[in-house]
Amino acid sequence: MSSNALSGSLPESINSLPELRQFDMSSNALSGSFPGFTESFATLQKLDMSKQTNGFIGSIPDNIWRSLSLKVLNLADNRLTGSIPSLVGNLAALEEFDLSNNLFSGQIPSQMGQLEGSLKHLCLSNNKLTGTIEYRPLYNL
């Protein structure tokens with residue numbers, strides 16, 4: 001459903017999709033609070049709600065950070081706030097992580113270093129985040 005000029009907020013029923021695997025609503029004009037994906041966080045593999053003209057507001061619900069099967073989390077170009085919680089370390093399957101162009105603030109959690117095995121793309125630019133991400137280069141491959 002990306003790039004369809006959809007506007008407004010998402011219905012509450014979006015939280016009740018237990019078999020949801022991919023959700024791509026990028027490049028629309030959605031707004032309002034970010035949904036919690038209450039029933040689908042265990043099966044969700046791709047969540048792309050980036051590039052919203054109006055933008056989602058508020059923080060990312062804890063359920064998202066507990067999604068063990070999530071491979072893509074792209075929430076760039078919204079108006080999301082808050083900090084990146086230490087729960088980010090739970091996203092062991094994460095390959096693409098983009099929170100750029102939002103209003104996140106605070107310290108980048110050290111748990112981001114736990115993602116180095118799977119992470120292929122990381123973008124946190126244009127926020128108010130501080131700190132560094134522990135990186136351990138791989139030698140003797």
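The values are calculated or read from the model by the stated rules, or taken from the named source; none is laboratory data. Keep in mind the model is a prediction, meaning the values are calculated, not measured. Here Cβ is always computed from backbone atoms with ideal geometry, including for glycine, and neighbour counts include all displayed protein chains. Just so you know, the surface numbers come from the protein's heavy atoms only, side chains and all, with ligands and any DNA or RNA stripped out. Shrake-Rupley method; radii C 1.70, N 1.55, O 1.52, S 1.80 Å.
If you take the residues in region 65-91 that are β-branched (V, I, T) and touching a helix residue (DSSP H, G or I) at 6+ places or on another chain (Cβ under 9 Å), which one is modelled with the highest pLDDT?
I84
If I filter region 10-41 down to residues being of a type in the set (A, V, I, L, M, F, W, C) and not in a loop (DSSP other than H, G, I, E, B), which single residue comes out as surrounded by the most Cβ atoms within 10 Å (Cβ to Cβ)?
Step by step, filter region 10-41, then rank; the result is L30.
Collect the residues in region 18-41 that are modelled with pLDDT under 90, within 18 Å of the chain's Cα centre (by Cα) and farther than 19 Å from N102 by Cα, keeping them in residue-number order.
Listed by number, the residues that qualify are L20, F37, T38, E39, S40, F41.
Pick from I108, I64: which is crowded, with 17+ Cβ neighbours inside 10 Å and touching a Phe, Trp or Tyr at 6+ places or on another chain (Cβ under 7 Å)?
I64
Give me the residue from region 112-125 that is under 19 Å from L75 (Cα atoms) and among the polar types (S, T, N, Q) and, out of that set, least open to solvent (accessible area, probe 1.4 Å).
For region 112-125, the residue satisfying everything is S118.
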